[in-house]
Amino acid sequence: GRGHAGKNFAKIRRAIVSGFFVHAAKKDPQEGYKNLVEGQPVYIHPSSSLFHVQPEWVIYHEIVHTTKEYMREVLAIESKWLVELAPRFFTPADPTKISRRKQKERIEPLFDKYAQNQNDWRISKRKRG
């Protein structure tokens, strides 16, 4: 029945999260979204089915630069998946160390301590190869 399809969909979404976690973004109180790793403002395109939904957390496949940085192939996700699937990058935020605003976000990006160069994980660096 439908329950089965739902379970599979969650599996697929989690698989995508584990591959594209550096493209995770959180809804910004002002407007649009902010990429969690870079803090770059990104937006859901008005033609996207998620445009009116505006989920709290999303992951995207790529950014298209037109009038704004629009996210392409956007998927709603749960923040706990980031912590589960990319523990080297995201950690549940320590409430004693962070601001009230950050506490609401509850997770914070970590750099990858196993990387040769600590900037490797930054998307902008990665793109240039």
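The numbered conditions (1) at pLDDT below 85; (2) in contact with a Phe, Trp or Tyr (Cβ under 9 Å, 6 or more places away or on another chain) are all true for R101 except (2). Evaluating P92 against the criteria (1) open to solvent by 50 Å² or more (accessible area, probe 1.4 Å); (2) within 13 Å of the chain's Cα centre (by Cα); (3) closer than 15 Å to K26 by Cβ leaves one unmet condition, (2).
In the set (1) at pLDDT 90 or above; (2) surrounded by 16 or more Cβ atoms within 10 Å (Cβ to Cβ); (3) not in a loop (DSSP other than H, G, I, E, B), the condition left unmet by V64 is number (2). Annotation: of all residues in the range 18-42 being free of Cβ contacts under 8 Å to residues at least 24 places away in the same chain and farther than 15 Å from I77 by Cα, the one that is surrounded by the most Cβ atoms within 10 Å (Cβ to Cβ) is D28. Within the range 31-89, the set of residues being closer than 22 Å to F9 by Cβ and of a type in the set (K, R) comprises R72, K80.
The requirement of being buried (at least 17 other Cβ atoms within 10 Å of the Cβ), β-branched (V, I, T) and either modelled with pLDDT of 85 or more or not in a loop (DSSP other than H, G, I, E, B) (or both) is not satisfied by V53.
No other residue among A5, A15, A10 is outside any strand (DSSP E or B), at pLDDT below 90, open to solvent by less than 80 Å² (accessible area, probe 1.4 Å) and farther than 24 Å from F89 by Cβ apart from A5. Residue pairs whose Cβ atoms lie under 7 Å apart, sitting 6 or more positions apart in sequence or on different chains, and linking a residue in the range 77-93 that is without any contact (Cβ under 8 Å) to a residue 24 or more places away in the chain to a partner that is assigned to a loop (DSSP other than H, G, I, E, B), are T91/L110; P92/R106; A93/R106.
The values are calculated or read from the model by the stated rules, or taken from the named source; none is laboratory data. Because the structure is a prediction, the values reported are computed rather than measured. Don't worry about glycine lacking a Cβ; one is built from the backbone with ideal geometry, like all the others, and counts go over all protein chains shown. Accessible surface is based on the protein model in full, side chains and every heavy atom, while ligands, DNA and RNA are left aside. Shrake-Rupley method; radii C 1.70, N 1.55, O 1.52, S 1.80 Å.
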